[in-house]
């Protein structure tokens, strides 16, 4: 094909989206999803699937997600895979960064194109940048603060965006749980999804469980219901007196976003009272970090965090290795665990703490997400372990 002067082989496409890092670095790309701008911490996620679940995970509040896998959006979106429970809350991630443009969906469960879904949820997106290079930058320098911006006309206040990225304080010291927790208590009885049947209902509950909502995911609630629990979900600031007045057989400490030390100012005293009551207790992710703080350990900010569906974790109580889903930028400092709190799980990537249990007490937690099924069911035994502890307590 012959090219003429007015018909260039490589047309100049004007960028319609920017990622502006706090150090002033500007990455240009093409916008998708909602227009506008949002500030947050940039992290990378290595998962190849489950992008809808990731983007609606409340634990990602305050973060911009870059996917290392280049093709995101191929299977579209649907209403069954949303993880957010509190639909009125701020939706999980503030922005998404992709390597390639979103293609039309090709999956029998798809009901909406990812781009339209992002628009509907107010999530700003950007494509067309080298996400592997951005990932390498994060691995080298840590998770940067940044602003993601999308404008169809390609016009931006670059100076203002740089200033906003530079002045945002970051997640350390930030309590984001009020943005995602439920406003009032409610009950949950939906059980896990079954192929070609959808979700079921728990109509013969064996246990009464109170779940403290720091940003809880739907599939956690489904798996609790699946092992015989009637679940009452309560807001993050619910008092221990109100929780124990419900006579729970067990208390669940949920996942959530932000700095655990900030959330711990009001959450830790509640958890300490629950532990003293002898009630079986199970925590996941932020709930794990809250439990660590409640027994006197400390948490620390991680360099690049753990975000993905391919993280090997060793259960030191059984020797079993499971492939897990992770999403955390803070971790319990194993060196600060007090006597009576035993480390049960470790990351085989970096040796960081991934689980604890309290000696002689029906209390345990894990850092990873056993409900996310990357193994696909390597970690579901933890929900059964919780049920067994409650059953033993009731028999005693």
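Can you pull a Stokes-Einstein diffusion coefficient for the chain at 4 °C (1.567 mPa s), Rh from Kirkwood over Cα pairs, as a whole number of µm²/s?
In µm²/s, the coefficient rounds to 60.
Just for the chain, what percent of DSSP beta bridges are antiparallel, to the closest 5?
Values: 49 of 78 bridges.
So the antiparallel bridges amount to about 65 percent of the total.
Could you list 291, 244 so that the one with the fewest beta carbons within 10 Å of its beta carbon is first and the one with the most is last? Present the calculation step by step, with values, prior to reporting the outcome.
Details: 291 31, 244 17.
Fewest-to-most Cβ neighbours within 10 Å comes out as 244, 291.
Let me check against my output: what whole-number percent is the relative contact order of the chain, with C-alpha pairs under 8 Å and at least 6 apart?
On the way: 972 pairs, mean separation 57.2, N = 396.
Taking the mean separation of contacting Cα pairs over the length of the chain, I get 14 percent.
Between region 260-339 and region 191-213, the alpha-carbon centres lie 24 Å apart. Just checking the listed ones, 270, 96, 210: in the Gaussian network model of the chain with Cα springs under 10 Å, the one fluctuating most is 270.
Here each label is just a point 7 Å from Cα along the line to Cβ, and for residue 74 and residue 302 those points are 2.6 nm apart. When a/c is below 1.5 the answer is rounded, else prolate if a/b is larger than b/c, else oblate, so apply that to region 121-217 with a ≥ b ≥ c taken from the square roots of the Cα gyration tensor eigenvalues. In terms of gyration-tensor shape, prolate. Computed from label points 7 Å out along Cα-Cβ, the spacing between residue 272 and residue 318 is 3.3 nm.
As a calculated quantity, the FRET efficiency between residue 136 and residue 245 at R0 = 45 Å, using C-beta atoms, amounts to about 0.30.
Please work out how much length the chain gains when fully extended from residue 25 to residue 159, using 0.36 nm per residue of separation minus the C-alpha to C-alpha distance, in nm with one decimal.
Details: separation 134, 0.36 × 134 = 48.24 nm, distance 1.18 nm.
The span from residue 25 to residue 159 would gain 47.1 nm if fully extended.
Once you have a ≥ b ≥ c as the square roots of the Cα gyration tensor eigenvalues for region 54-132, tell me rounded if a/c is under 1.5, and otherwise prolate or oblate according to whether a/b is larger than b/c.
The shape class here is oblate.
Normalised by the number of residues in region 335-396, the average gap of Cα pairs under 8 Å and 6 or more apart makes the relative contact order 18 percent.
With respect to the chain, whose longest principal axis is taken over its alpha-carbon atoms, helix 131-141 is tilted by about 60°. The spread of Cα positions in region 161-255, taken along each principal axis and listed from longest to shortest, comes to 56, 41, 18 Å.
Could you line up 196, 175 from fewest to most neighbouring Cβ atoms inside 10 Å? Before the final figure, lay out each step's value.
Working: 196 5, 175 21.
Neighbour counts put them in this order, fewest first: 196, 175.
Multiplying the residue separation of residue 49 and residue 310 by 0.36 nm and removing their Cα-Cα distance gives an extension gain of 92.9 nm.
Counting every other Cβ atom within 10 Å of each residue's Cβ, 282, 386 order from fewest to most as 386, 282. The calculated FRET efficiency for residue 203 paired with residue 232, based on their beta-carbon distance and R0 = 22 Å, is about 0.85.
Computed over region 17-167, the quotient of the alpha carbon radius of gyration and 2.2 N^0.38 Å is 0.97. Of all the options 17, 331, 151, the one that moves most in a Gaussian network model of the chain with Cα springs shorter than 10 angstrom is 151.
For residue 393 and residue 14, FRET efficiency with R0 = 56 Å and r from the beta-carbon atoms, rounded to 0.05?
On the way: r = 64 Å, r/R0 = 1.14.
Computed FRET efficiency for residue 14 and residue 393: 0.30.
Based on Cα contacts under 8 Å between residues 6+ apart, region 17-167 shows a relative contact order of 38 percent.
Does region 274-354 come out rounded, prolate or oblate, given a ≥ b ≥ c as the square roots of the eigenvalues of its C-alpha gyration tensor, rounded meaning a/c under 1.5 and, failing that, prolate meaning a/b above b/c? Because a/c hits 1.5 or more and a/b exceeds b/c, region 274-354 counts as prolate.
Computed on region 177-395, the Cα convex hull volume stands at 119 Å³ per residue.
Every number here is computed from the coordinates shown, using simple stated rules; none is lab data. This one's a predicted model, so the numbers in the text were calculated from it and none came from an experiment. FYI the Cβ positions are ideal-geometry reconstructions off the backbone, even for glycines, and counts take in every protein chain you see.
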